[in-house]
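Below is one structure, written out as structure tokens; the observations come after it.
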């Protein structure tokens, strides 16, 4: 087989095992910390592809595109669960939807024009900000009594959609802090963010699939910049381990774990930024 001529059977097996472990880690962290899987999947895939020798020109694009694809089923499941509990603000979601989609379109167009180093730079910078936010134990001060309307709300939606697409995350990492600082109750912010993930992941993954079509040096079994092995293995593992992580969270010091994850994210972000300038 041509595929096995380029990649040995042991290399393929190693890829399968590593992607399965990625799904396990992403699910556990999502359950333990309440963070979206993408903020875990992208850096883990980035390190994995580095170890496996995936070409520098495509590894970050494939990490982001694959992450966006895995977010589709998980965000659908999560949004339905939150909606059943009455924690999804449909009016707020409807008002943000056009700007979210516009932001995804902008992010997708940019991702098709820039190198993997630029994507690493975006993830690194925002990753540092997210890590700092997670490391702060005290409750952040409110920025406004309600989420602003008009051009400000559209700008917020565009920013969340655009940067989330470039980072390969579902939007919760960015939207939950923004919504809660505008006095949206935490449960409703998390539930609405789950639905925001649908608006980001579906067109975002499709965009990365199109942008990567026919690009050489991608990992095997990739459709555009979406790795099908990664999608097939990460999603079930994430769905399986997320409830386990949620149960474990009740038995350990969640605050300490959150700070440890902030350290992991900080190190990952610094490593990506170092790779940009090295």
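Every number here is computed from the coordinates shown, using simple stated rules; none is lab data. Note that this is a predicted model, so its numbers are computed, not measured. Note: ideal-geometry Cβ built from the backbone for every residue, glycine included; neighbour counts use all protein chains shown.
Taking the average, over residues, of other Cβ atoms within 10 Å as the packing measure, peptides 60-68, 239-247 rank 60-68, 239-247 from highest down. Helical runs (DSSP H, four residues minimum) scored at -39500 (n - 2.57) apiece and divided by the length of the chain put the mean residue ellipticity at 222 nm at -26500 deg cm²/dmol.
Stretching residue 81 away from residue 151 to a fully extended chain increases their span by 22.1 nm, per 0.36 nm per residue minus the current alpha-carbon distance.
Residue exposure proxy: 167, 186, 237, ordered by other Cβ atoms within 10 angstrom of their Cβ from fewest to most, comes out as 186, 237, 167.
Please say if the range 98-194 is rounded, prolate or oblate, where rounded means a/c under 1.5 for a ≥ b ≥ c the square roots of the C-alpha gyration tensor eigenvalues, and otherwise the choice is prolate for a/b larger than b/c and oblate otherwise? Oblate is the answer for the range 98-194, as a/c is 1.5 or above yet b/c matches or exceeds a/b. Across 110, 198, 234, mean-square fluctuation computed from a Gaussian network of the chain (C-alpha pairs under 10 Å connected) peaks at 110.
Quick check: from the Cα gyration tensor, does the range 155-263 come out rounded (a/c under 1.5), prolate or oblate?
Oblate shape, in that a/c is at least 1.5 and b/c is the bigger or equal ratio.
Let me check I have the definition right: for the range 2-277, take the eigenvalues of the Cα gyration tensor, multiply each by 5, take square roots. What are those semi-axes in whole Å, largest first?
On the way: eigenvalues 171, 87, 61 Å².
Square roots of five times the eigenvalues give 29, 21, 18 Å.
Working from label points 7 Å from Cα in the Cα-to-Cβ sense, the residue 91 to residue 13 distance is 5.9 nm. Quick check: Cα centre of the range 155-189 to Cα centre of the range 191-263, how many Å? Centre-to-centre distance over Cα atoms comes out at 16 Å.
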